[in-house]
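As structure tokens, the structure follows; a few thoughts come after it.
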């Protein structure tokens, strides 16, 4: 399944050369920009989630079974 996904992804990036696109910014004219932008945005969101997990996690003793209620 991963091989099929990689092939489809490669074909869509290569098909970018066959289409005419209108770019709003100069960086959008780079070949494969949409693929790189999507990858970097996803990686950035994963990094942000990891950082938020470190900042917002509770102590390991949160669910302590001592019964001091």
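Return the label of the correct value of volume of the Cα convex hull per residue in Å³, as calculated from the structure shown, out of (1) 160; (2) 103; (3) 90.
Of the listed options (1) 160; (2) 103; (3) 90, (1) comes from this structure.
To the nearest 10 degrees, how steeply does helix 2-15 sit against the main Cα axis of the chain, on a 0 to 90 scale?
40 degrees
Report, to the nearest 10°, how far helix 33-56 tilts away from the longest principal axis of the Cα atoms in the chain, using its own Cα long axis and a range of 0 to 90°.
The angle comes out at about 10 degrees.
Identify which of 15, 41, 59 has the largest mean-square fluctuation in a Gaussian network model of the chain, with springs joining Cα atoms closer than 10 Å.
Result: 59 has the largest fluctuation of those listed.
Each value in this text was obtained by applying a stated rule to the coordinates, not by laboratory testing. Please read these numbers as outputs of a predicted model, since none were measured by experiment.
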